[in-house]
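Okay, structure first, notes after.
The values are calculated or read from the model by the stated rules, or taken from the named source; none is laboratory data. Just so you know, these numbers come straight off a predicted model, no measurement behind them. Virtual Cβ from ideal backbone geometry, glycine too; neighbours counted across all protein chains shown. Ligands, DNA and RNA are stripped out before the accessible areas are found, and what is left, the full protein with its side chains, is counted by its heavy atoms. Shrake-Rupley method; radii C 1.70, N 1.55, O 1.52, S 1.80 Å.
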Amino acid sequence: MNFLIMNIPLNITSTIHDWIYSIMPETAASITIMVLIAVIYLALFAIIGLYLVLLERKVAAWFQLRLGPNRVGPWGIFQTIADALKLVSKELTSNDRIDKFLYNLAPYFVIVSTLIGISVFPFSKQFQAFDINIGLFFLFAVSSIGVIGILVGGWASNNKFALIGAMRSGLQTISYELSVGLSLLTMVLLTGTLQLSEIIEVQRTGGWLILQGHIPAIIAFMIFMIAGTAETNRAPFDLVEAESELGAGFHTEYSGMKFAYFFLAEFINMFIIASIAVVVFFGGWLSPFGITDGITWFPEVLWFLIKVVMIIILMMWFRWTFPRLRVDQLLTLEWKYLLPINLANLMFMAVIIWMNWTI
Amino acid sequence: MSYFSDIYNGVKSLITGMKVTGGYFIHARKGAITQQYPDNRETLKMFDRFRGEVVMPHDENNQHRCTGCQSCEIACPNGSIEIIWDRAIDPETGKKKKKIDKHIYHLSMCTMCGLCIEACPTDAIVWAQNYENSVYDRSYLTKTLNQPGSTVQAGVED
């Protein structure tokens with residue numbers, strides 16, 4: 001057991017890491033660090049989730065020429081806390097003929113998969129909990145678990161709307177996983193590594209990957225954004241919860257905190273997709289043109305967050321502009337358009353790297 | 001070949017849509033259409049098309065334009081309008097003539113459909129733009145639209 005614990009390469013900032021190891025025996029120190037990281041990431045998770053909800057509401061309001069929440073606190077910054085309190089205090093209702101075990105399990109599937117997902121991101125040079133050499137692959141694998149939660153939730157609810165929503169989710173996620181994977185694979189050709197911290201190191205010398213890979217990288221980015229939006233089940237791909245057709249889709253029967261788990265997971269998924277885009281295309285925590293490289297105290301995590309928020313606003317822009325797709329249109333888009341373009345793009349990128357035409 | 005032109009046109013139309021909403025996003029702070037109502041009740045101006053309640057405008061001589069033809073009463077689908085009328089002798093011609101005694105309007109029953117205003121041949125009743133119509137007793141919602149002692153304007157019937 002001790003052996004296992006020691007081998008998990010968890011690191012927060014190395015100073016704290018070293019300090020904890022200096023004052024404790026090794027096993028206790030590694031357990032302390034695990035607990036510390038868990039607490040930090042749970043806090044991060046809650047803050048990101050809550051404030052993305054606020055950002056979504058504000059941005060949606062601006063796109064529709066409204067003001068958005070502005071009553072609770074200045075510019076409505078405490079609105080989201082009030083919402084969370086409301087959700088926590090609500091009753092957990094359910095209907096009679098649910099499959100109790102699966103019904104209660106489903107929200108945890110969804111939320112745990114997203115929580116594992118954010119653990120691998122390098123928020124800055126030091127602030128990365130889990131730096132494994134198959135980082136991107138791990139992310140795919142983990143983000144695919146989330147859909148099981150949605151399927152199970154829809155199935156266990158014993159509700160036709162929930163079941164239809166869940167089935168649509170399965171269909172959509174499995175189809176678009178292909179595009180996400182292939183578009184990132186195109187970029188992996190360029191980096192030659194799957195480790196997220198290494199991918200950023202590649203960009204430190206050669207410029208951001210979207211510039212290094214020019215045309216195929218831009219095509220890959222566009223495909224990634226389309227498929228990523230579909231992955232997170234957001235509009236225009238929100239067939240899963242299509243309000244006008246399915247009530248609330250797969251979480252029709254959920255209320256209170258269980259509903260909040262699905263809801264938070266959707267927003268954290270958006271954060272994960274935006275973070276992958278930032279790491280793989282826009283240089284992660286690297287500053288643009290190295291403008292803050294000389295300043296040692298500058299928090300690099302700020303660059304990461306700025307870029308992530310930009311990408312998230314782009315995704316919200318999609319959401320509040322485009323109409324929802326029909327199921328057949330959804331599948332046509334994936335299998336007839338995105339997949340062939342993606343395969344051609346992958347070949348194109350291979351040729352570019354082979355001929356050494358990268359910038 | 002329509003495969004590629006489909007992609008091109010699709011992307012083009014999506015970008016057109018994003019341009020529109022993007023413009024809104026940038027100008028949202030100036031052009032927000034939200035009225036923060038209780039805060040701005042002094043300055044809030046209702047729009048011309050807003051339907052608050054039916055009123056009968058009177059001029060400075062306490063004269064209205066209602067001839068008592070009852071078109072509005074007939075047009076009203078749920079009986080919100082009752083006209084109590086009478087015949088009186090016109091002092092100029094010496095003939096008997098219809099005139100309104102009371103034009104009663106039940107705001108509590110009105111659905112703001114506007115058929116009475118469309119039906120009125122003399123434009124005697126119009127929409128008002130007031131919006132704070134709640135009262136503590138529903139009897140306040142039964143209103144007499146013509147002011148006491150008012151008469152019909154000369155020449156409206158011609």
B:TYR105: passes all of (1) within 30 Å of B:CYS116 (Cβ to Cβ); (2) in a loop (DSSP other than H, G, I, E, B) but (2)
Of the conditions (1) β-branched (Val, Ile, Thr); (2) within 14 Å of another protein chain (Cβ to nearest Cβ); (3) more than 25 Å from the chain's Cα centre (by Cα), A:THR93 satisfies every one except a single condition; which number is it?
(2)
Tally the residues that are β-branched (Val, Ile, Thr) and either closer than 24 Å to A:PHE318 by Cα or within 9 Å of chain B (Cβ to nearest Cβ) (or both), restricting the search to the stretch A:52-76.
2
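Select, from A:ALA242, A:ALA235, A:ALA220, A:ALA248, the only residue that is assigned by TED's automatic domain parsing to the domain that holds A:VAL280, small (Gly, Ala, Ser) and under 17 Å from A:LEU139 (Cβ atoms).
On the way: A:ALA242 fails: under 17 Å from A:LEU139 (Cβ atoms); A:ALA235 fails: under 17 Å from A:LEU139 (Cβ atoms); A:ALA248 fails: under 17 Å from A:LEU139 (Cβ atoms).
Residue meeting the stated conditions: A:ALA220.
With open to solvent by less than 40 Å² (accessible area, probe 1.4 Å) and touching a Phe, Trp or Tyr at 6+ places or on another chain (Cβ under 8 Å) as the only criterion, which of B:ILE100, B:ILE125, B:ILE83, B:ILE104 stands out? First the steps, then the outcome.
Values: B:ILE125 fails: touching a Phe, Trp or Tyr at 6+ places or on another chain (Cβ under 8 Å); B:ILE83 fails: touching a Phe, Trp or Tyr at 6+ places or on another chain (Cβ under 8 Å); B:ILE104 fails: touching a Phe, Trp or Tyr at 6+ places or on another chain (Cβ under 8 Å).
Within the list B:ILE100, B:ILE125, B:ILE83, B:ILE104, the selection yields B:ILE100.
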If we take the stretch A:208-282, then helices (runs of 4 or more DSSP H) inside it with 2 or more residues that are acidic (Asp, Glu) are A:243-246
Testing B:GLU60 on (1) more than 13 Å from chain A (Cβ to nearest Cβ); (2) modelled with pLDDT under 85; (3) open to solvent by 70 Å² or more (accessible area, probe 1.4 Å), one condition comes back false. Which one is that?
(2)
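Per-residue answers, yes or no, for (1) closer than 24 Å to A:ILE268 by Cα; (2) polar (S, T, N, Q); (3) surrounded by fewer than 17 Cβ atoms within 10 Å (Cβ to Cβ):
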residue: A:GLY284; (1), (2), (3): yes, no, no
residue: A:GLY290; (1), (2), (3): no, no, yes
residue: A:TRP303; (1), (2), (3): yes, no, no
residue: A:MET315; (1), (2), (3): yes, no, no
residue: A:TRP320; (1), (2), (3): yes, no, no
residue: A:ASP328; (1), (2), (3): no, no, yes
residue: A:THR332; (1), (2), (3): no, yes, yes
Can you pull out the residues in the stretch A:334-346 that are open to solvent by less than 80 Å² (accessible area, probe 1.4 Å), touching a residue at least 60 places away in the same chain (Cβ under 8 Å) and more than 11 Å from chain B (Cβ to nearest Cβ)?
A:GLU334, A:LEU339, A:ASN342, A:ASN345, A:LEU346
Exactly one of (1) without any contact (Cβ under 8 Å) to a residue 40 or more places away in the chain; (2) within 23 Å of A:ALA242 (Cα to Cα) is unmet by A:TRP357. Its number?
(2)
Any pair with Cβ under 7 angstrom, 6 or more apart, that starts in the stretch A:127-154 at a residue that is acidic (Asp, Glu) and ends at one that is open to solvent by 30 Å² or more (accessible area, probe 1.4 Å) and not in a helix (DSSP H, G or I):
A:ASP131/A:PRO9; A:ASP131/A:GLN195
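Residues checked against (1) open to solvent by less than 100 Å² (accessible area, probe 1.4 Å); (2) in contact with a Lys or Arg (Cβ under 6 Å, 6 or more places away or on another chain); (3) within 27 Å of B:THR111 (Cα to Cα):
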{"position": "B:SER5", "(1), (2), (3)": "yes, no, no"}
{"position": "B:LYS12", "(1), (2), (3)": "no, no, no"}
{"position": "B:THR16", "(1), (2), (3)": "yes, no, no"}
{"position": "B:ILE26", "(1), (2), (3)": "no, no, no"}
{"position": "B:GLN35", "(1), (2), (3)": "yes, no, yes"}
{"position": "B:PRO38", "(1), (2), (3)": "yes, no, yes"}
{"position": "B:ARG41", "(1), (2), (3)": "no, no, yes"}
{"position": "B:LYS45", "(1), (2), (3)": "no, no, yes"}
{"position": "B:PHE50", "(1), (2), (3)": "yes, no, yes"}
Does B:ILE84 qualify as being part of a helix (DSSP H, G or I), modelled with pLDDT of 85 or more, more than 10 Å from chain A (Cβ to nearest Cβ) and closer than 20 Å to B:VAL156 by Cβ?
no
Qualifying residues in the stretch A:292-301 (those that are open to solvent by 50 Å² or more (accessible area, probe 1.4 Å) and assigned to a loop (DSSP other than H, G, I, E, B)) - the one farthest from the other protein chains (Cβ to nearest Cβ):
A:THR296
Would you call B:ILE74 within 14 Å of chain A (Cβ to nearest Cβ) and either open to solvent by less than 100 Å² (accessible area, probe 1.4 Å) or part of a helix (DSSP H, G or I) (or both)?
no
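Would you confirm, using the coordinates I've provided, whether A:ASP131 is touching a Pro at 6+ places or on another chain (Cβ under 7 Å), surrounded by fewer than 20 Cβ atoms within 10 Å (Cβ to Cβ) and farther than 22 Å from A:ILE313 by Cβ? Give the steps one after another, and end with the answer.
Working: touching a Pro at 6+ places or on another chain (Cβ under 7 Å): yes; surrounded by fewer than 20 Cβ atoms within 10 Å (Cβ to Cβ): yes; farther than 22 Å from A:ILE313 by Cβ: yes.
Spelling it out, A:ASP131 is indeed touching a Pro at 6+ places or on another chain (Cβ under 7 Å), surrounded by fewer than 20 Cβ atoms within 10 Å (Cβ to Cβ) and farther than 22 Å from A:ILE313 by Cβ.
Okay, residues lined up against (1) of a type in the set (D, E, K, R); (2) closer than 30 Å to A:PHE318 by Cα:
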position: B:ASP6; (1), (2): yes, yes
position: B:PHE47; (1), (2): no, no
position: B:ASP59; (1), (2): yes, no
position: B:LYS99; (1), (2): yes, no
position: B:THR111; (1), (2): no, no
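Got a number for residues in the stretch B:29-38 being among the hydroxyl-bearing types (Ser, Thr, Tyr) and more than 7 Å from chain A (Cβ to nearest Cβ)? Even if it seems obvious, please write down each step before you answer.
So the first thing to find is which residues in the stretch B:29-38 are among the hydroxyl-bearing types (Ser, Thr, Tyr), and the list is B:34, B:37.
Narrowing the set further to residues that are more than 7 Å from chain A (Cβ to nearest Cβ) leaves B:37.
So the answer is 1.
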Which of the numbered conditions does B:GLY155 fail, given that it passes all the others? Conditions: (1) surrounded by fewer than 16 Cβ atoms within 10 Å (Cβ to Cβ); (2) modelled with pLDDT of 90 or more.
(2)
When you check A:VAL88 against the structure, is it open to solvent by 40 Å² or more (accessible area, probe 1.4 Å), within 24 Å of A:ILE118 (Cα to Cα), more than 12 Å from chain B (Cβ to nearest Cβ) and among the aliphatic types (A, V, I, L, M), yes or no?
yes
Using beta carbons and a limit of 7 Å, which pairs, at least six apart or on different chains, have the first residue in the stretch B:1-28 and at the interface with chain A (Cβ under 9 Å from one of its Cβ atoms) and of a type in the set (A, V, I, L, M) and the second one surrounded by 12 or more Cβ atoms within 10 Å (Cβ to Cβ) and assigned to a helix (DSSP H, G or I)?
B:ILE7/A:TYR337; B:MET18/A:TRP317; B:ALA28/A:TRP62
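Results for (1) modelled with pLDDT under 85; (2) surrounded by 22 or more Cβ atoms within 10 Å (Cβ to Cβ), shown as yes or no for each residue.
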residue: A:MET225; (1), (2): no, no
residue: A:ALA235; (1), (2): yes, no
residue: A:GLU241; (1), (2): yes, yes
residue: A:GLU245; (1), (2): yes, no
residue: A:GLY249; (1), (2): yes, yes
residue: A:TYR254; (1), (2): no, yes
residue: A:LYS258; (1), (2): no, yes
residue: A:GLU266; (1), (2): no, yes
residue: A:MET270; (1), (2): no, yes
Checked the stretch A:199-220 for anything modelled with pLDDT of 85 or more and open to solvent by 60 Å² or more (accessible area, probe 1.4 Å); matches are A:ILE215, A:ILE218
